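The values are calculated or read from the model by the stated rules, or taken from the named source; none is laboratory data. Here the structure is a predicted model, which is why all the values come from computation and not from measurement. Here the Cβ is made from the backbone with ideal geometry for all residues, glycine too, and neighbour counts use every protein chain on show. The area values use the complete protein model at the heavy-atom level, side chains included, leaving out ligands, DNA and RNA. Shrake-Rupley method; radii C 1.70, N 1.55, O 1.52, S 1.80 Å.
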Amino acid sequence: MTDATAQGSAPGGRRIDSDAFRSRLATRRRKGAILKYSGLIAICIALAILGTLLFSIVSQGWQGFLRTNVELEITYNEEIIGGDAEDIPSGAFQEIARNGLQKALGLPPEAEDYDPSDLNALISSGVRYDLQQAVRDEPELIGRTAQLSVPVSSTMDMAYKGKLNLDVDEGRRQLSNQQLEWFNQLQDDGRLHSEFYWGLFSNSDSRSPELAGLWAGIVGSFVMIGIVAAFAFPIAVAAAVYLEEFAPKNRWTELVEVNINNLAAVPSIIFGLLGLAVFLNTLGFPRSSPLAGGAVLVLMTLPIIIIAARSALRSVPPSYRDGALMLGASRNQAVMKTVLPTALPGMLTGTIIGLAQALGETAPLLLIGMQAFVAAPPEGINDTATAIPVQIYLWANAPERGFAEKTQAAIMVLLMFLLIMNATAIILRNRFQKRA
Amino acid sequence: MALQLTTLALFLIAITGFVMTRRRALAQGDGTRRNLHSQPKYHGYFVFLATLLPGLVFLGIFLLFKTPVVNWLTMNQLPAELRNQGSGALSLLFSRIEQHAAGGQTFGELPEGAQGAADFLAMARRAATWAIIPFALFPAALGFWFAQSRVQPTFRARNATEKIVRGLMIVCATLAVLTTFGIVMSVLFEAIRFFRMEPISEFLFSLEWNPGTAIREGQAAGADQGSFGIAPLFLGTLLIATIAMATAVPLGLLSAIYLAELAKPRVRKILKPMLEVLAGIPTVVYGVFAALTVSPFIINLGTSMGFDVGAKVALAAGIVMGFMLIPFISSLSDDAITAVPDKLRNGAYSMGATHGETITRVVLPAALPGLVGAVLLAVSRAIGETMIVLLAAGLRANLTFNPLDTTTTVTVQIANLLTGDQRFDSAKTLSAFALGLVLFLVTLALNVGALKFQQRYQEKYD
């Protein structure tokens, strides 16, 4: 062929050594290079997006793990508290905390030129309950004085973290001039510091950003994931084994297969509608309970695990089955004793990935009532509950500024859980792949 | 308490049955397995399953239908004149009856005749708690007795057990069909109720979406009245999906081409998992990214360039949805491209084609059905995506195709209508199910279309 081209001395320059051919070849190669570099650029953009996403989460969220505390000298004044440790109104403790602040700021005990509630607004509304609890646990505290580090209010927290613009007019600032003066005084005295906020993991949701945490969401999420794992895995494995190993090839089987593939692509919110209409309205499952949420997630996760389990079964070499059958095993025995154990790691990997998806799912949970404010972890599967992604959604919509960093911090916690699950899946796959 | 006890008892009986039967079968075979058709353990399994399954099935039935049946019976206790009120008033009455039955804090006296229902409810609930024990244990005992009576040396216990296991598997496989059936039924049923209140022509062709306020002339003003035209929602969904696809298709396809055809194996091994990380991020995270990071950026940029920008821009939701779809399109396209057999590539090279020409003229046309399928599935996901638009797109239905304006989507409206106060007899609530029906049908058409398109046009190379 080369010969034929070389011999034909057409005016278009078909000869391989002609300049026209060479320039045309260069053009063709350039086109290829354009394709290559646009592909490279595309994937770089995709990775840059990933980087931006993660960077924006971390840069906006790392301070959500910190909370600002103020060092105060708290006197458990007997005159304010009274004698009986069990029965003290929390208002008394607010006064105690305020006295501590007055002492720290060098203000006279009797407010003259300021509003005491301005002073109260500097520290978290949770402080009085903490103090109340402390006295209940340890009544001997009454009458004593202690150095305590108590959380400041969310506005002060934001100001200390530099997230509040303090240079604007008083009317547009969340701190009054007086409060700003106190804030600066506390800061100059070195009484304010950031500490790691363990409450993010041990507290449940709260209206005050400085007290809000994920504990209820974590418990709710993992109860539901537990329900999904307990039901979806065995059902999916049984369905996959039947379809892959035993099912006759007929219209019914085909219908089931098309169904499963389609279900995996049905929008998640449709599953929410199903849960609302069937589980809540018809069967009377309690609203926003882990039971209802888990049931919806089971149905959503089933097709994903079935598809993964089937491909794991398909990757088992037929010789395994044949060998077992040849030794006199029944078909059930062949599947149970040889095929299933070989395919199990693959199935588990698929299951963990399905569970990770269920962990991040939000929309169907909102529809079965999990948009409500829930301030305690569920006590049973019929109790009202919330989930980590739902908590993220609620915080993202919360008007308080302090929730912005909490939202991103909660996202980091969620991504951490997902990372752990996916890493487990990958390790499982790698470990067993080598052996097989 | 009764539930845990019952479950425990079921398992105990079944395990006892297993142990007992295995021993009895062996004894009947005069101590050697040779005289038995099946191994003793299969006799045991048979009894185990025959005891446990009926028990668990009845337990499940009881748990599923306990509340609806008790409530229904309670409602039947009410005198007719109380029962014939609107369903809103009736459910209010029922929750008051429940409060009285629970014996806790109550708000006022019950109406005439309802006290009997409250007493009945309290009694029925107490009874239902313990009724579970005979309800589940009786079928289990029956199964136990029946299976026990079958144990003889000639009984084909293994075949019987395998048949039961096979049946269980079929039930599990059928669950997927049942789920689809449940989706269709629940959505269709409520949607039909909606269409009885609002004509279907209005739903499809009206240009106004405003549930909860009277817009049309002659419409009685009230909480249940509104205008339910899907057009603006559909337009908004289409706008955001178009932006998403405009972002995701070029980036996803080019990444897939690069990864599958051009990248060195080592580079591919590093880059592909990184792209998969993008796919594993939950959509609520993308939603927060769109709402808190991308939206403010676009709004500032648009305002500084002198555009009239809405408070929540469709562009932000669309672009971020596109980001979410990049790995989805890329991984499906990657599969389609790598499925093209090497002999096609080698043929092209042997004809003197460059690497680039091989890709654009041979590999991509051969992979086209798969690529089209990937794009169709991505469109289906874009239309059904909820969290990104819920966080980043608005609520106001707006008949516009301006990407800098506020729009809403079908999924946002469903979520919005069904969170918060609901009354299942109002057109407002039911309209969410009509929207769900449309959403289900459209995504179903796209999913099945993608599958059929691939099956129809994919060349078979072997």
Quiz item: So which residues in segment B:165-205 are away from every other protein chain (no Cβ under 13 Å) and of a type outside the set (Asp, Glu)?
Solution: B:Phe195, B:Arg196, B:Met197, B:Pro199, B:Ile200, B:Ser201, B:Phe203, B:Leu204, B:Phe205
Quiz item: Has segment A:322-342 got any residue that is open to solvent by 10 Å² or more (accessible area, probe 1.4 Å), under 18 Å from A:Phe432 (Cβ atoms) and hydrophobic (A, V, I, L, M, F, W, C)?
Solution: yes
Exercise. Among the numbered conditions (1) under 34 Å from the mean Cα position of the chain (by Cα); (2) open to solvent by less than 10 Å² (accessible area, probe 1.4 Å); (3) not acidic (Asp, Glu), tell me where B:Leu52 comes up short.
Key: (2)
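A quick yes/no check of all residues on (1) without any contact (Cβ under 8 Å) to a residue 40 or more places away in the chain; (2) over 21 Å from B:Arg126 (Cα atoms):
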| position | (1), (2) |
| --- | --- |
| B:Thr21 | no, yes |
| B:Gly29 | no, yes |
| B:Asn35 | no, yes |
| B:Ile61 | yes, no |
| B:Leu78 | yes, no |
| B:Arg83 | yes, yes |
| B:Gly103 | yes, no |
Self-check item: Hey, B:Gln413 within 13 Å of chain A (Cβ to nearest Cβ), assigned to a helix (DSSP H, G or I), over 28 Å from B:Leu254 (Cβ atoms) and polar (S, T, N, Q) or not
Solution: yes
Quiz item: For B:Gly384, are the conditions met, namely being open to solvent by less than 40 Å² (accessible area, probe 1.4 Å) and touching a Pro at 6+ places or on another chain (Cβ under 6 Å)?
Solution: yes
Self-check item: Extreme residue, farthest from A:Ser117 (Cα to Cα), among residues of segment A:163-216 that are open to solvent by 70 Å² or more (accessible area, probe 1.4 Å) and part of a loop (DSSP other than H, G, I, E, B)
Solution: A:Trp198
Exercise. Return yes when A:Val374 is open to solvent by less than 30 Å² (accessible area, probe 1.4 Å) and more than 9 Å from every other protein chain (Cβ to nearest Cβ) and no when it is not.
Key: yes
Quiz item: Considering A:Ala33, A:Ala92, which residue is of a type in the set (Gly, Ala, Ser), assigned to a helix (DSSP H, G or I), more than 9 Å from chain B (Cβ to nearest Cβ) and out of contact with any strand residue (DSSP E or B) (no Cβ under 8 Å at 6 or more places or on another chain)?
Solution: A:Ala92
Quiz item: Hey, among the residues in segment B:244-293 that are aromatic (Phe, Trp, Tyr) and within 33 Å of the chain's Cα centre (by Cα), which one's farthest from B:Leu368 (Cα to Cα)?
Solution: B:Phe289
Quiz prompt | Residues of segment B:377-393 classified as in a helix (DSSP H, G or I), of a type outside the set (D, E, K, R) and either more than 7 Å from every other protein chain (Cβ to nearest Cβ) or without any contact (Cβ under 8 Å) to a residue 12 or more places away in the chain (or both), total | solution = 8
Quiz item: For A:Gly220, which of the numbered conditions (1) more than 27 Å from A:Val339 (Cα to Cα); (2) within 14 Å of another protein chain (Cβ to nearest Cβ); (3) not polar (S, T, N, Q) fails to hold?
Solution: (2)
Quiz prompt | Filter result (surrounded by fewer than 17 Cβ atoms within 10 Å (Cβ to Cβ) and part of a helix (DSSP H, G or I)) within segment B:136-163 | solution = B:Phe138, B:Ala141, B:Leu142, B:Trp145, B:Phe146, B:Ser149, B:Asn159, B:Lys163
Practice problem: Would you mind telling me which numbered condition in (1) surrounded by 14 or more Cβ atoms within 10 Å (Cβ to Cβ); (2) in a loop (DSSP other than H, G, I, E, B) B:Ser331 fails? | Solution: (2)
Exercise. For A:Ile57, state whether it is touching a Ser or Thr at 6+ places or on another chain (Cβ under 8 Å), open to solvent by less than 80 Å² (accessible area, probe 1.4 Å), modelled with pLDDT of 75 or more and at the interface with chain B (Cβ under 10 Å from one of its Cβ atoms).
Key: no
Quiz item: Just to be sure, is B:Arg396 out of contact with any helix residue (DSSP H, G or I) (no Cβ under 8 Å at 6 or more places or on another chain) and either within 12 Å of chain A (Cβ to nearest Cβ) or free of Cβ contacts under 8 Å to residues at least 40 places away in the same chain (or both)?
Solution: yes
Quiz item: Given the conditions (1) closer than 23 Å to A:Ser59 by Cβ; (2) free of Cβ contacts under 8 Å to residues at least 12 places away in the same chain; (3) among the charged types (D, E, K, R), which single one is not true for A:Lys163?
Solution: (2)
Quiz item: How many of the residues making up segment A:109-145 are open to solvent by less than 60 Å² (accessible area, probe 1.4 Å) and not in a helix (DSSP H, G or I)?
Solution: 10
Self-check item: Residue list for segment B:1-14, filter: open to solvent by 70 Å² or more (accessible area, probe 1.4 Å) and either modelled with pLDDT under 85 or under 19 Å from B:Leu63 (Cβ atoms) (or both)
Solution: B:Met1, B:Gln4, B:Leu5, B:Leu8, B:Phe11
Exercise. Would you mind listing the helices (runs of 4 or more DSSP H) fully within segment A:239-330 where at least 1 residues are more than 10 Å from every other protein chain (Cβ to nearest Cβ)?
Key: A:251-263, A:290-314, A:318-326
Practice problem: Sort out which residues of segment B:248-298 are more than 9 Å from chain A (Cβ to nearest Cβ), open to solvent by 40 Å² or more (accessible area, probe 1.4 Å) and in contact with a Leu (Cβ under 9 Å, 6 or more places away or on another chain), and write them in order of number. | Solution: B:Val267, B:Arg268, B:Lys272
Quiz item: Can you find even one residue in segment A:74-85 that is closer than 27 Å to A:Gln185 by Cβ, in contact with an Asp or Glu (Cβ under 6 Å, 6 or more places away or on another chain) and not acidic (Asp, Glu)?
Solution: yes
Quiz item: Given (1) in contact with a helix residue (DSSP H, G or I) (Cβ under 7 Å, 6 or more places away or on another chain); (2) surrounded by fewer than 16 Cβ atoms within 10 Å (Cβ to Cβ), where does B:Gly17 come up short, assuming only one miss?
Solution: (2)
Quiz item: Would segment B:425-442 turn up any residue that is closer than 30 Å to B:Ala339 by Cα, within 12 Å of chain A (Cβ to nearest Cβ) and open to solvent by less than 60 Å² (accessible area, probe 1.4 Å)?
Solution: yes
Exercise. Can you run down the residue pairs with Cβ atoms below 7 Å, 6 or more apart or on separate chains, where the first is in segment B:232-250 and within 15 Å of B:Thr406 (Cα to Cα) and the partner is surrounded by fewer than 21 Cβ atoms within 10 Å (Cβ to Cβ) and of a type in the set (S, T, N, Q)?
Key: B:Pro232/B:Asn398; B:Gly236/B:Asn398
